[in-house]
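Enquirer: Dropping the structure in here first, questions after.
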Amino acid sequence: MRFLAIISIAFVLACNSDDSFSDLPENAEDIKSSELVGKWVLEATRISPGGVVDWTEDNSGSNIIFDLNRSFIWDYNNGTDPLEGTFAVEDNLLSLTYPDNLGGEIERQYYLSIEGSIFQINYIGCIESCTLQFRRQ
């Protein structure tokens, strides 16, 4: 019985590992909302269905604009039905809140990193790499 308890604890500790978020830079510091203000154009993605993947160039024109009033517009479909809502940054976490089709709200959270003119978001809960990379325009 003691052996089973030790194995269970080891399993829980192993599942809480942050290894799946290795895309975040080691020197990531707390990011302020004001650092995001402006227009960012999607330039590459790294989405893994399982296994190792490289960056894939993105020429879709998808972009996201963050405003000083903490609003955002994410044009991910060439101007057709862009996401509009509010954003917040706490530490290295980006929260986007926008209306759903039923009159409610959806909140999505992403791990966030900014280095110079590059901004990356990593989907929370993604087991493999799920990263979008934007460049300031």
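Enquirer: Could you tell me which numbered condition N69 fails, if it satisfies all but one of (1) assigned to a loop (DSSP other than H, G, I, E, B); (2) modelled with pLDDT of 90 or more; (3) within 22 Å of R135 (Cβ to Cβ)?
Expert: Answer for N69: the failing condition is (3).
Enquirer: Quick check: anything in the stretch 51-66 touching a residue at least 60 places away in the same chain (Cβ under 8 Å), of a type in the set (G, A, S) and touching an Asp or Glu at 6+ places or on another chain (Cβ under 9 Å)?
Expert: Scanning the stretch 51-66 turns up at least one residue that is touching a residue at least 60 places away in the same chain (Cβ under 8 Å), of a type in the set (G, A, S) and touching an Asp or Glu at 6+ places or on another chain (Cβ under 9 Å).
Enquirer: I've got another one for you. Would you check which residues across the stretch 94-123 are touching a residue at least 24 places away in the same chain (Cβ under 8 Å) and under 9 Å from the mean Cα position of the chain (by Cα) and list them?
Expert: L94, Y111, L112, S113, Q120, I121, N122
Enquirer: Quick one: would you say W40 is under 17 Å from N122 (Cβ atoms), surrounded by 12 or more Cβ atoms within 10 Å (Cβ to Cβ) and modelled with pLDDT under 95?
Expert: On the way: under 17 Å from N122 (Cβ atoms): yes; surrounded by 12 or more Cβ atoms within 10 Å (Cβ to Cβ): yes; modelled with pLDDT under 95: no.
Taking the combined requirement at face value, the residue does not satisfy it.
The values are calculated or read from the model by the stated rules, or taken from the named source; none is laboratory data. Predicted model, so just to flag it, every value in this text is computed and none were measured. Heads up, the Cβs are rebuilt from the backbone with ideal geometry, glycines too, and the neighbour counts pull from every protein chain shown.
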